[in-house]
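**Student:** Pasting in a structure now, in structure tokens, and then I'll have a few things to ask.
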Amino acid sequence: MIAPSAEPNADARLISEAALFAAHAHGAQTRADKGDPYLVHLAEVAALCARCEPFDPVLAAAAWLHDTVEDTGVREPILRERFGDGIADLVMDVTDPPDLTGDARRQRQVDQTRDAGDRVKRLKLADKTSNVEELLDLPHAAFDVEANARYLHWARKVVDVCRGLEPQLEARFDRSAARLEAEIEAARKRKAEP
């Protein structure tokens, strides 16, 4: 098991091991909207989490792993064995149950995040920021107006229950959300034109 330690460089090793594990688990997966490698999303979420003060190596490592159970064949016991309970617990706290879909899944994320600890909220805030930013500047043909509007509405609900922990990251989310909202409105106007 890899766990954070006072040993010099242990945090860097922990985060590097998590990144390598995530790279193997996610393989050649790509993001649906832009088509870039899924690892870009994981790296972005990890970088956003690494900027949180004070630096939290468990949070940064879990950011790399946050979608492994939900989107790959990795199961919780593997994470516990490799990375310990702290990281596995955090990953599981942000993992949606596989039997929940649609509105029930979205509402569970809001409720669960509201009642969760600071690490979960920071990870959710970073994840939603990355996801909203992925939707910015898409070509018109790839921009799904209604799906993006629904996602933005939901992301804002999740972020609203995370507020008060990371003002800079919250401000970044708000700027990106405002840009996405403007792009949604512009796309709706284009669709309404004859």
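The values are calculated or read from the model by the stated rules, or taken from the named source; none is laboratory data. In this text, all values refer to a predicted model and were calculated from it rather than measured experimentally. Every residue, glycine as well, gets a Cβ built from its backbone with ideal geometry; the counts of neighbours run over all protein chains shown.
**Student:** Only one of these is assigned to a helix (DSSP H, G or I), more than 24 Å from LEU42 (Cβ to Cβ) and hydrophobic (A, V, I, L, M, F, W, C): ALA186, ALA88. Name it.
**Tutor:** Matching residue, one of ALA186, ALA88: ALA186.
**Student:** Name the pairs whose Cβ atoms lie under 9 Å apart, with the first residue in the range 129-140 and at negative phi, the second among the aromatic types (Phe, Trp, Tyr), and 6 or more positions between them or separate chains?
**Tutor:** THR129/PHE173; ASN131/TYR151; VAL132/TYR151; VAL132/PHE173; GLU133/PHE173; LEU135/PHE143; LEU135/TYR151
**Student:** Turning to a different aspect of this structure: If you scan the range 93-124, which residues turn out to be among the hydrophobic types (A, V, I, L, M, F, W, C), in contact (Cβ under 8 Å) with a residue 24 or more places away in the chain and more than 16 Å from ALA62 (Cβ to Cβ)?
**Tutor:** The answer is VAL110, and nothing else.
**Student:** Continuing with the same structure: Take the conditions free of Cβ contacts under 8 Å to residues at least 40 places away in the same chain and out of contact with any helix residue (DSSP H, G or I) (no Cβ under 8 Å at 6 or more places or on another chain) and apply them to ALA88. Does it pass?
**Tutor:** no
**Student:** Could you pull out the residue among GLU7, GLU17 that is surrounded by 15 or more Cβ atoms within 10 Å (Cβ to Cβ) and more than 24 Å from GLY117 (Cα to Cα)?
**Tutor:** On the way: GLU7 fails: surrounded by 15 or more Cβ atoms within 10 Å (Cβ to Cβ).
GLU17 is the lone residue from the list that is surrounded by 15 or more Cβ atoms within 10 Å (Cβ to Cβ) and more than 24 Å from GLY117 (Cα to Cα).
**Student:** Please work out which residue is surrounded by the most Cβ atoms within 10 Å (Cβ to Cβ), limiting yourself to the range 91-100 and to residues that are among the hydrophobic types (A, V, I, L, M, F, W, C) and part of a helix (DSSP H, G or I).
**Tutor:** The extreme case among them is VAL91.
**Student:** Return the residue satisfying two criteria in turn: it lies in the range 165-181 and is assigned to a helix (DSSP H, G or I) and aliphatic (A, V, I, L, M), and of such residues it is nearest to GLU146 (Cα to Cα).
**Tutor:** Looking at residues that are assigned to a helix (DSSP H, G or I) and aliphatic (A, V, I, L, M), I get LEU180.
**Student:** Let me spell it out: the conditions are (1) without any contact (Cβ under 8 Å) to a residue 40 or more places away in the chain; (2) touching a Lys or Arg at 6+ places or on another chain (Cβ under 7 Å); (3) over 26 Å from TRP64 (Cβ atoms), and VAL145 meets all of them except one. Which number is the exception?
**Tutor:** (1)
**Student:** Could you tell me whether any residue of the range 48-59 is surrounded by fewer than 21 Cβ atoms within 10 Å (Cβ to Cβ), over 27 Å from GLN168 (Cβ atoms), without any contact (Cβ under 8 Å) to a residue 12 or more places away in the chain and out of contact with any helix residue (DSSP H, G or I) (no Cβ under 8 Å at 6 or more places or on another chain)?
**Tutor:** no
**Student:** Does PHE21 meet the test of being assigned to a helix (DSSP H, G or I), aromatic (Phe, Trp, Tyr), in contact with a Ser or Thr (Cβ under 8 Å, 6 or more places away or on another chain) and more than 26 Å from VAL161 (Cα to Cα)?
**Tutor:** Answer is yes for this residue.
Okay, residues lined up against (1) at pLDDT 95 or above; (2) assigned to a helix (DSSP H, G or I):
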| residue | (1), (2) |
| --- | --- |
| ALA32 | no, no |
| LEU42 | yes, yes |
| ALA47 | yes, yes |
| CYS52 | yes, no |
| VAL58 | yes, yes |
| ALA61 | yes, yes |
| GLY73 | no, no |
| ARG80 | yes, yes |
